[in-house]
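Accompanying notes for the structure given below.
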Amino acid sequence: MRLFWCVLTLALLLAGSASAADGLRIAAFRCDATPPFGEPMVWDVPLERIETPLLAKGIVLEDNGTRYVLVSFDWCIIGNESELAFRELLARAAKTDPTHVAVQTIHQHDAPYADAGAWRLLEKAPNPRPHLSAKFMSDLNRRLTRAVEQAVRYLEPFDSVGCGEAKVERVASERRLKGPDGKIAVTRGSEGAKNPKHAEMPEGDIDAMVKTISFARGEKVLVRLHYYATHPQTVSCTGGATADFVGMARETLEQDEEVIQIYFTGCSGNVTTGKYNDTTPEARNGLAERLRDGMMAAISATRFTPAKRLVWRTESVLLPIRKDAEFAEQSRGWLNDPKAAPGLRIYRGAMRLASIDRANRPFALTSLQIGNVHIVNLPGEPMLEFQKFAQHCKPKAFVAVAGYGDGGSAYICTDAAFQEGGYEPSASNLAPGGEQVVKTAIRRLLGE
Ligand SMILES: [Zn+2]
């Protein structure tokens, strides 16, 4: 792998003289974002083994000197001020503005979470739970800065963008299975297939297509971005570090094709691998193979069109973060209860309070348009309905949606989901009404 990246760098060095669309350039970067042993992973399990390194993989795009950055971390959640801090850091390294940077996570669960405001609250709580160390964060920031500065030095022209999609067989399945009364009867979590009855239930509402966007100069493909909607974890909180089956699919494809592959998790708030995952290594390998097959089919289906210019849109959006006394009090109770489970203390305690504390600081929703290709970058854990809405807004365009940007919102649910009940609305930091706010932003991000 190291050799591939060295060869790639050399190829980029030699690429300067190629003809390309006016001023369009691209560079990829990759940075190891695995914490050292002993650092807490979701939620406070010390890291004791590395199954796969956790990477931050991204691209810097340039159009006539203006730069944009897309990055996908093999982390669980990056929220609130940590999300802003990463955007600021990447912007400095790429010499652009933080509003031109989109930071997403793939959201697997043997991985760290980052929320510096929540960490400060945890430090003050009784029997405080550990969080990622300042030493690791500053080491990572240095590595990430170096990776992006290096990439920018080797920006190379591109002249076409390809898009292709293909069905992924037997990976995603709906988490919210309704009873005859329309209420949620079964929550089929990521490990759903441990219960044979849940494995037998239908896939339900999913988006089975993996969407792949490729950047090329002439015949040479430079980078591919893949978008697929499902929670990507086959296991959770085991003390290992793994980019899970989506990372396995991505990295084997990268090795085979010798083209940089970056994976983004779509709107998967209510989508998991539950129907197909019983947590065995066989199940994980099968999911990785079938996702990789889908990615390869999307690559085969790819058609290129000339790239002319980039259009980047930013929507600064005030999401309706719950601030009511009941919500805040309950969150404080969980944070300060030394006997409460780490997930409650951290996710429903400290992180919720950090979201309340951000007060009226808006969320940055962004999009990138290149001709008929649109990439929409959303915060939190949006339900699948938001991805389908974006695609429905532009039926003739190729619309790829990434979720898992700023985690401060937690789940982003439809208003109907609050009526139906189930897990997701209970794990949201937003009040009902968020649906319209996000949909209005999506429309604008698509240039409507
Ligand atoms: Zn989730």
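Miscellaneous remarks
- Counted over the chain, the DSSP beta bridges are approximately 70% antiparallel.
- Computed E for LYS167/GLU282 - FRET, C-beta separation, R0 30 angstrom, nearest 0.05: 0.85
- Max mean-square fluctuation residue, GNM over the chain, Cα-Cα springs under 10 Å, options ARG129, ARG292, ARG153: ARG153
- Sites ALA431 and ALA397, calculated FRET efficiency, Cβ-Cβ separation with R0 35 Å, nearest 0.05: 0.65
- The stretch 357-388 residues near the modelled LYS124 label - backbone nitrogen below 12 Å, point 7 Å along Cα→Cβ: 357
- Between TYR423 and GLN330, the distance separating the two model label sites (each 7 Å from Cα on the Cα→Cβ line) works out to 1.7 nm.
- The distance between label points at ASN372 and THR66 comes to 2.5 nm (points 7 Å beyond Cα on the Cα→Cβ vector).
- Each Lys or Arg adds one and each Asp or Glu takes one away; over the other residues whose Cβ falls under 10 Å from the Cβ of SER268, this sums to -1.
- Selection of GluC sites (Glu not before Pro), the stretch 240-329, meeting DSSP coil and at most 14 other Cβ within 10 Å: GLU258
- C-alpha long axis of helix 134-153 to longest principal axis of the chain, angle in °: 20 degrees
- Multiplying the residue separation of GLU258 and GLU48 by 0.36 nm and subtracting their alpha-carbon distance yields 72.5 nm.
- Relative to the longest principal axis of the Cα atoms of the chain, helix 244-257 runs at roughly 10 degrees.
- Exceeding the 20 Å Cα-Cα cut-off - candidates LYS167/LYS211; LYS57/LYS135; LYS167/LYS396; LYS124/LYS339; LYS135/LYS339; LYS220/LYS388: LYS57/LYS135; LYS135/LYS339; LYS220/LYS388
- Relative contact order computed over the stretch 320-448 (Cα-Cα under 8 Å; 6+ residues apart), in percent: 25 percent
- Accessible surface computed residue by residue for the chain, with neighbouring protein chains in place and a 1.4 Å probe, gives 38 Å² per residue.
- Contact order normalised by residue count of the chain, Cα under 8 Å, 6+ apart, percent: 18 percent
- 222 nm mean residue ellipticity, helices alone, for the chain (DSSP H n ≥ 4; -39,500 (n - 2.57); rounded to 500): -10000 deg cm²/dmol
The values are calculated or read from the model by the stated rules, or taken from the named source; none is laboratory data. The structure presented is a predicted model; accordingly, all values stated were derived computationally and were not measured. With ideal geometry, Cβ positions are generated from the backbone for all residues, glycine too; neighbour counts draw on all protein chains shown. The protein model used for the area step is the full one, side chains on, heavy atoms only, and it has no ligands, DNA or RNA in it. Shrake-Rupley method; radii C 1.70, N 1.55, O 1.52, S 1.80 Å.
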